[in-house]
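Chemist: Below is one structure. I have some questions about it.
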Amino acid sequence: MIPRLPNPPLHESIAEIPEGELVRRLLADPYTHEFLFGIKGMPEAARVFQRTDLRNAPGGLLGDADMILVAPDHPEAAVAFEVKRIKVGPSAFASGQPNKLHEYEKAVGQANRLADVGFSQVYLYVIVVVDSRIKNDGRYTYDGLTPELDGIIRGALSLEHLQPRVGMVVHEFVQPMDHPPLVLGTYGGHLERPATQVPQRTDLTEWLGKLLEDGAA
């Protein structure tokens, strides 16, 4: 007999983890950390800064960078990231509409502004978090998105308004059974477009060097 899923489930939903906390957990795990930054052209042995305020950075951008990847030996080759989480939980399976998908265009604009600041590389990371536990109802399975939901998400993630030098990766993390998020599930990523590396503005490199010094203090 297939065990029924407890109502409510025993563990928190991956779809309800706030975006900043989700990124923090992904960075804390060596496997997902490597998964996020194992793209050709990204600096090795680099430090990651999360939620970095850019108001005092050259360019005076109001807001922050969700992540900045900086190698201490090569601060002139920094990578800035805009992160957008798309939530697919029980309500999304019921309605057929993912949550937060309407905010994608805003994320595109923010990624474009990071490129305007002058980072060597810029990426938009779309992180799709899928809680399919109720849909799977206690079955031993790794099923995540339905084909219909997958098609809606893929259809909305256009590169049309993203600056040509900005790269994009779609990551997907699935919580298919009633275990803690990011423990027993599936994850994968698809490189939609690699970032184009450009010479980084000198004053930004100097600012990043100071960021590294302050972070080491």
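The values are calculated or read from the model by the stated rules, or taken from the named source; none is laboratory data. The model shown is predicted, which means the values in this text are computed figures rather than measured ones. Cβ: placed from backbone, ideal geometry, glycine included. Neighbour counts: every protein chain shown.
Chemist: Filter region 93-124 down to the residues that are assigned to a helix (DSSP H, G or I), among the small types (Gly, Ala, Ser) and within 18 Å of Gly144 (Cα to Cα) and list them by number. Give the steps one after another, and end with the answer.
Modeler: Filtering region 93-124 for residues assigned to a helix (DSSP H, G or I) gives 93-95, 101-117.
Next, from what is left, pick out any that are among the small types (Gly, Ala, Ser): 94-95, 107, 109, 111, 115.
Hits for region 93-124 are Ala94, Ser95.
Chemist: Go through (1) touching a strand residue (DSSP E or B) at 6+ places or on another chain (Cβ under 7 Å); (2) crowded, with 16+ Cβ neighbours inside 10 Å for Arg201 and report which single condition fails.
Modeler: With respect to (1) touching a strand residue (DSSP E or B) at 6+ places or on another chain (Cβ under 7 Å); (2) crowded, with 16+ Cβ neighbours inside 10 Å, Arg201 is out only on (1).
Chemist: Select from region 1-55 the residues that are at pLDDT 90 or above, aliphatic (A, V, I, L, M) and closer than 22 Å to Asp73 by Cα and list them in ascending order.
Modeler: Listed by number, the residues that qualify are Leu27, Leu36, Ile39, Met42, Ala46, Val48, Leu54.
Chemist: Taking Val130, is it closer than 22 Å to Gln97 by Cα and under 16 Å from the mean Cα position of the chain (by Cα)? Break it down into steps so the answer makes sense when it comes.
Modeler: Numbers: closer than 22 Å to Gln97 by Cα: yes; under 16 Å from the mean Cα position of the chain (by Cα): yes.
Spelling it out, Val130 is indeed closer than 22 Å to Gln97 by Cα and under 16 Å from the mean Cα position of the chain (by Cα).
Chemist: Oh, and also: Which one is surrounded by the fewest Cβ atoms within 10 Å (Cβ to Cβ), of the residues in region 59-88 that are in a strand (DSSP E or B) and of a type in the set (Gly, Ala, Ser)? Outline the logic, then answer.
Modeler: Applying the first criterion (in a strand (DSSP E or B)) to region 59-88 yields 64-71, 74-88.
Imposing the further condition that a residue be of a type in the set (Gly, Ala, Ser) reduces the set to 65, 71, 77-78, 80.
Details: Ala65: 27, Ala71: 18, Ala77: 21, Ala78: 26, Ala80: 28.
The residue in question is Ala71.
So that you can scan it fast, the table gives a plain yes or no per residue for (1) within 23 Å of Gly138 (Cα to Cα); (2) in a helix (DSSP H, G or I):
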site: Arg165; (1), (2): no, no
site: Val170; (1), (2): no, no
site: His179; (1), (2): yes, no
site: Leu208; (1), (2): no, yes
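Chemist: Here is a follow-up. Anything in region 99-129 that is among the charged types (D, E, K, R) and without any contact (Cβ under 8 Å) to a residue 40 or more places away in the chain? List them, or say none. Can you show your working first?
Modeler: As a first pass, look at region 99-129 and keep what is among the charged types (D, E, K, R): 100, 103, 105-106, 113, 116.
Once the filter is applied, which keeps residues that are among the charged types (D, E, K, R) and without any contact (Cβ under 8 Å) to a residue 40 or more places away in the chain, region 99-129 yields Lys100, Glu103, Lys106.
Chemist: While we're on this one: For region 43-72, what are the residues that are touching a Leu at 6+ places or on another chain (Cβ under 6 Å) and among the β-branched types (Val, Ile, Thr)?
Modeler: Selection gives Val48, Val70.
Chemist: Same structure, new question: Among the residues in region 130-143, are any surrounded by 15 or more Cβ atoms within 10 Å (Cβ to Cβ), touching a residue at least 12 places away in the same chain (Cβ under 8 Å), of a type in the set (S, T, N, Q) and in contact with a strand residue (DSSP E or B) (Cβ under 6 Å, 6 or more places away or on another chain)?
Modeler: no
Chemist: Please identify the pairs in which a residue from region 164-187 that is under 17 Å from Leu124 (Cβ atoms) and in contact (Cβ under 8 Å) with a residue 12 or more places away in the chain has its Cβ atom under 6 Å from the Cβ atom of a residue that is of a type outside the set (Lys, Arg) and part of a loop (DSSP other than H, G, I, E, B), counting only partners at least 6 apart or on another chain.
Modeler: Between residues of region 164-187 that are under 17 Å from Leu124 (Cβ atoms) and in contact (Cβ under 8 Å) with a residue 12 or more places away in the chain and residues that are of a type outside the set (Lys, Arg) and part of a loop (DSSP other than H, G, I, E, B), the close pairs are Arg165/Thr196; Gly167/Pro194; Gly167/Ala195.
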